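The values are calculated or read from the model by the stated rules, or taken from the named source; none is laboratory data. These numbers come from a predicted model, not from an experiment. Quick reminder, even Gly has a Cβ in these numbers, built from the backbone with ideal geometry, and neighbours come from all protein chains shown.
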């Protein structure tokens, strides 16, 4: 049986068994959805920008994908030192297969998590603009998950201990989220802010989901697809190269 499939299946089984992880990973998205969606909703509507819940929900779904996929890669550090991965690295299996299996597993888990958040959005009042476009939305969810699961693998390959976790959170993951336009429109930003947001790969994922699910777009959908695909290839290559250099 292929090592890619074994590691992909193992990530899914570990996620399904960890009910505490599922519950904990839903806490932050639901808090943002309820507190911001209903808290800033009246202000957003008074400004003439429409229903804030419709605007915010794709961003919350993207947040769930970002955090789950990034953390799946960083969790590799613990697994590498004490878990199954340590045994896998010394097995006669190409490391590229190990990396791809873990990355695909982390990305799949992130999409499952995003699906749960999507259902929660429906429960609080979010309604997709076109139900027939839902499969396309899941395609973009998987693409976003691949981008950041690959980035998480790259982080997990170079970190030596868990002390680097907070550094990555504060200086990489949180800025990626808050600069993506998940919580606010990207229109009418000052020039420095506009440049930074255009360099954020998550901005194109958020925009694609918002375009598909809410009918609100800042970039053309083809540009979102091209940018995310290109970044996915770059991060997969980087993650594979760094993973191949892991020293036991």
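Would you tally the residues in region 29-50 being over 26 Å from residue 65 (Cα atoms) and at pLDDT below 75?
Of the residues in region 29-50, 4 are over 26 Å from residue 65 (Cα atoms) and at pLDDT below 75.
Please tell me if residue 128 is surrounded by 15 or more Cβ atoms within 10 Å (Cβ to Cβ) and over 19 Å from the mean Cα position of the chain (by Cα).
Judged against the criteria, residue 128 is a match.
In the set 221, 136, 238, 227, which member is buried (at least 19 other Cβ atoms within 10 Å of the Cβ) and either under 21 Å from residue 114 (Cα atoms) or touching a residue at least 24 places away in the same chain (Cβ under 8 Å) (or both)?
Unique residue meeting the criteria: 227.
Please determine whether any residue of region 187-198 is out of contact with any strand residue (DSSP E or B) (no Cβ under 9 Å at 6 or more places or on another chain), part of a helix (DSSP H, G or I) and within 20 Å of residue 61 (Cβ to Cβ).
yes
Among the candidates 118, 148, 126, 155, which residue alone is in a helix (DSSP H, G or I) and more than 25 Å from residue 77 (Cβ to Cβ)?
The unique qualifying residue is 118.
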